[in-house]
Amino acid sequence: MKNVLILTNFSTNSWNSIIYALSLFKNERCSFYLLNAKNTVNEKDPKIAFEILIEKISSSPLKGKHVFIPIVVAAEIIEATKFQVEDKNIDLIVMGIDGRPSVGITKGVSVFENVITKVKCSILVVPNEARFSGIKEVAFPTDYTNFNEANLLQNSSDLLSANQSKIRFVHLAKKDEGLDKEQLWNKETLHDYFKDQPHSFHVEINKNFEVSIENFIDKMGIDLIIMAAKNLNLFEEIRRNTF
């Protein structure tokens, strides 16, 4: 059974992320841990809010055979998330975000940025406008360097298998130039790792990486983007310009 941690503040965004996660894992039994850190609640009793949330989930046709465990903690969200990841052996974190860059800002840094960079776990970020309609085409932007994301590759492979998806590795380059030995080695490693799953390699050349990936998304009909944490800045730009 997969263990999934969903961060919730009982907002519309967090509800959308719950529905997305339930849709994504509709054919797989999961334990969904719903985490609320008290300092994220806006003048609400989290226990009452959780009762309403669980009742809402229970009445959803997507409930399936999943197990839902509400967790309320009086702690800072990042530390609370770190603890739950280790304590519950979490496989995936799910969190909803607003398309506006200012939402969730704490001391100049967004909550999701802190989670991505400070919590060692795969994270599914669900923009507020996202609606699940299947995952057939997956984009994986990469420069083929510093490739030590073993967990990321395994989770990507699991996702592809569960959804019968195709993964498109796209190299974003500012100019037309070849790969060095390290990059070629890492590219071949990806090819070997995903040899039993549909995959392909692409190059997008543009001085603006954000334009490159947005063009690729439109051209290939991408449903989901997989990124390493080191590409956070690129993700931010895509979020601002796309959602």
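Remarks
- Top of THR12, THR81, THR142 by mean-square fluctuation, Gaussian network on the chain, Cα under 10 Å: THR12
- Among THR145, THR8, sorting on how many other beta-carbon atoms sit within 10 Å of each Cβ, with the fewest leading, yields THR145, THR8.
- Across GLY178, GLY134, GLY221, mean-square fluctuation computed from a Gaussian network of the chain (C-alpha pairs under 10 Å connected) peaks at GLY178.
- Cα-based Kirkwood hydrodynamic radius, segment 2-127, one decimal, Å: 14.6
- Dimensionless Rg over Rh [the chain; C-alpha; Kirkwood]: 0.97
- Antiparallel content of DSSP bridges confined to the chain, in %, to 5: 5
- Amide H within-cut-off set for CYS121, under 5 Å, with H built and near neighbours excluded: none
- Summing +1 for each Lys or Arg and -1 for each Asp or Glu among the other residues whose beta-carbon sits under 10 angstrom from that of HIS199 gives +2.
- Ranking of VAL67, VAL125, VAL115 by count of other Cβ atoms within 10 Å, fewest first: VAL67, VAL125, VAL115
Coordinate-derived values only; no laboratory data. In this text, all values refer to a predicted model and were calculated from it rather than measured experimentally. Using ideal geometry, Cβ is built from the backbone for each residue, glycine included, and neighbour counts are taken over all protein chains shown.
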